[in-house]
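To keep things clear, I will list the structure first and then write my remarks on it.
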Amino acid sequence: MVKWEEKLYGRITGRAIARCLAMFQEIWAERAAWQISQQDESQWLKAFQRLAAVPNWTVYYQDTLIELLAKIAVVSGIGPILKDAVEATDPIAFLLDAVDSMPDEVPEHPATLPLAFAMIGNLDAIACYSRSINDMIQTAKQGDINALFAALSVDSMVSTMSFFQVGLRLGQLSGDSSSAEQVFRAIKGPHKKRLEYPELRWAEYLLRDQGAFETCSREEIYELVVEHLKIYDTTGANEDAKASLFKLFRSWQKQAGIQNPRFGFSAKGK
């Protein structure tokens, strides 16, 4: 019997999912270092000066999460081995191994901090909306402008993109403040209830992105999430825990623009 760590969930193993989640947590924790109160003027000024020195990172929102990880590996000096990832049996595991081998010291590269902020923004977006900022930008290109405002709600730097800058300037020229009002309303951020299950949202995103819902049964996914990864607490559930989990997944995928979510099949008779 294949252990869950070695089992493929779509195109990704259970071990790779667990490692991705651990890495995401580590990166996301960097947000705490920037949560400075303006009442502490000296600390706030230091944080302001540090952030002001970081080049605009919105260019990296054109990349998928995997592409972003690859670029982080490149600026960390392990880029030469990435070509081997394409030929590896498990490319994601290979990439994770490469990232793990990076030095603890922050590499002196101008793209290091911009890439880190882009990764934090994407993790925020998935934790709140079940899609990355890259996904949102691609959706906006197909005509869903609200997707850009969702991106803006998790990272105000998105307002530097031409769509928002042109809209704001046009509003100034025409004396119409509606664009500015929309922008500042979005910058206030998403509702806090959206951050109830960040790790679970990341896991659902990985499973969806890697095709697990098409190849695995609901029982397999439930066991992975609840029993192995332990990122969904079923204690005190008032209804069927499995049904509750997939009800959450269904609502998140609809938020991500998937109109008819489907989640595997029953293991009965498998």
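It is to be established whether one or more residues within the stretch 156-174 are in contact (Cβ under 8 Å) with a residue 40 or more places away in the chain and buried (at least 22 other Cβ atoms within 10 Å of the Cβ).
yes
Would you call ILE120 assigned to a helix (DSSP H, G or I), modelled with pLDDT under 85 and not hydroxyl-bearing (Ser, Thr, Tyr)?
Judged against the criteria, ILE120 is not a match.
Scanning for something farther than 25 Å from ILE126 by Cβ and either of a type in the set (Asp, Glu) or at pLDDT 80 or above (or both), does the stretch 51-61 turn up at least one residue?
Checked against the condition, which is being farther than 25 Å from ILE126 by Cβ and either of a type in the set (Asp, Glu) or at pLDDT 80 or above (or both), the stretch 51-61 yields at least one hit.
Quick one: how many residues across the stretch 115-132 are in contact with a Ser or Thr (Cβ under 8 Å, 6 or more places away or on another chain) and among the polar types (S, T, N, Q)?
Here the count works out to 2.
Condition check ((1) under 22 Å from GLN25 (Cα atoms); (2) among the aliphatic types (A, V, I, L, M)) across all residues:
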residue: LEU168; (1), (2): no, yes
residue: ARG185; (1), (2): no, no
residue: HIS191; (1), (2): yes, no
residue: PRO198; (1), (2): yes, no
residue: ALA203; (1), (2): yes, yes
residue: SER217; (1), (2): no, no
residue: LEU245; (1), (2): yes, yes
residue: LEU248; (1), (2): yes, yes
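Mind counting the residues in the stretch 201-215 that are over 15 Å from ALA16 (Cα atoms) and at pLDDT 95 or above?
So the count comes out to 1.
Do we find a residue being over 26 Å from GLU223 (Cα atoms), in a helix (DSSP H, G or I) and β-branched (Val, Ile, Thr) anywhere in the stretch 38-58?
Scanning the stretch 38-58, I find at least one residue that is over 26 Å from GLU223 (Cα atoms), in a helix (DSSP H, G or I) and β-branched (Val, Ile, Thr), so the answer is yes.
The values are calculated or read from the model by the stated rules, or taken from the named source; none is laboratory data. Source: prediction; values computed, not measured. Backbone-built Cβ (ideal geometry, glycine too); neighbour counts: all protein chains shown.
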